[in-house]
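Peer 1: First the structure, then my questions, so here it is.
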Amino acid sequence: MVQSQVAAVRPERVRYRLTRPQRLLPLLPSSIGIAVQVSVWLDVGGHVVVPGLLAWGALLLLALITSRFFGVTLTSSAAIVHNLRRRTIPWSNVQAIQIESFLGSRTVVIYEAGGRGTRLRAPITGFLYWDRGFEEKFHAIGRWWLEHRGPNWAPVPPPWTPWGGPPVSQGSPYAPRAQ
């Protein structure tokens, strides 16, 4: 079977965002709270509960709208992280890409040469954030980095520690320290 040239060309950029269930399921507890407020409002009268109900609904709407933009865009020169503030991390500056657990969820973290770690909001997997393709997305980000980091990329040596200091991990120098 012959593969067409169009299918063989890799895209110029790849974008990973939160999936629709990942955006909606965390809002479920708040929606239940709103339903309770409405039932109280119908029993007591609306003059006390209406401001709280409106504020709660506005917060839900704001969370739903802003979470749509969170994620990461992979380009040939950098990873563009979309959080509350947009950040560009050049591939030549990346030292490691790892999966870490955070608040019961597994997230992807990009470590830079200066030791700074940037936790991505998408891809993510965990309770109320389940993503079947999480491992595949993590490996795609890693492959993208390996292919685009450039020929002049060199690993940064682990940070120096004085005698008697905490032990440095034998793996990645940016891995979390053992407690």
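Peer 1: Please find, within region 88-99, the residue that is farthest from residue 23 (Cα to Cα) out of those that are open to solvent by less than 30 Å² (accessible area, probe 1.4 Å) and in a strand (DSSP E or B).
Peer 2: Looking at residues that are open to solvent by less than 30 Å² (accessible area, probe 1.4 Å) and in a strand (DSSP E or B), I get 95.
Peer 1: Residues being within 16 Å of residue 144 (Cα to Cα) and under 12 Å from the mean Cα position of the chain (by Cα): count how many of those fall in region 99-113.
Peer 2: Residues in region 99-113 being within 16 Å of residue 144 (Cα to Cα) and under 12 Å from the mean Cα position of the chain (by Cα): 4 in total.
Peer 1: Of the residues that make up region 23-45, is at least one among the charged types (D, E, K, R), closer than 25 Å to residue 119 by Cβ and either open to solvent by 70 Å² or more (accessible area, probe 1.4 Å) or at pLDDT 85 or above (or both)?
Peer 2: no
Peer 1: Say whether the condition of being free of Cβ contacts under 8 Å to residues at least 40 places away in the same chain and either among the basic types (Lys, Arg) or under 19 Å from residue 73 (Cα atoms) (or both) is met by at least one residue in region 150-160.
Peer 2: Scanning region 150-160 turns up no residue that is free of Cβ contacts under 8 Å to residues at least 40 places away in the same chain and either among the basic types (Lys, Arg) or under 19 Å from residue 73 (Cα atoms) (or both).
Peer 1: From the residues in region 71-130 that are touching a residue at least 40 places away in the same chain (Cβ under 8 Å) and hydroxyl-bearing (Ser, Thr, Tyr), which one is farthest from residue 143 (Cα to Cα)?
Peer 2: Only one residue tops the list, namely 129.
Peer 1: If you don't mind, there's one more thing I want to ask. Of the residues in region 142-173, how many are small (Gly, Ala, Ser), surrounded by 12 or more Cβ atoms within 10 Å (Cβ to Cβ) and modelled with pLDDT of 80 or more?
Peer 2: So the count comes out to 1.
Peer 1: Shifting gears a bit: Which one of 111, 129 is at pLDDT below 85 and surrounded by 16 or more Cβ atoms within 10 Å (Cβ to Cβ)?
Peer 2: The conditions single out 129.
Peer 1: Which one of these is outside any loop (DSSP other than H, G, I, E, B), of a type outside the set (A, V, I, L, M, F, W, C), closer than 17 Å to residue 18 by Cα and modelled with pLDDT under 90: 121, 106?
Peer 2: 121
Peer 1: Condition first: in a strand (DSSP E or B) and either within 13 Å of the chain's Cα centre (by Cα) or farther than 15 Å from residue 144 by Cα (or both). Now tell me which residues in region 75-87 satisfy that.
Peer 2: Once the filter is applied, which keeps residues that are in a strand (DSSP E or B) and either within 13 Å of the chain's Cα centre (by Cα) or farther than 15 Å from residue 144 by Cα (or both), region 75-87 yields 79, 80, 81, 82, 86, 87.
Peer 1: Out of curiosity, is residue 177 modelled with pLDDT under 60 and open to solvent by 100 Å² or more (accessible area, probe 1.4 Å)?
Peer 2: yes
The values are calculated or read from the model by the stated rules, or taken from the named source; none is laboratory data. What you are looking at is a predicted structure, and each value in this text was computed from that prediction instead of being measured. Cβ: placed from backbone, ideal geometry, glycine included. Neighbour counts: every protein chain shown. Areas reflect the complete protein model, heavy atoms only, side chains present, ligands, DNA and RNA absent. Shrake-Rupley method; radii C 1.70, N 1.55, O 1.52, S 1.80 Å.
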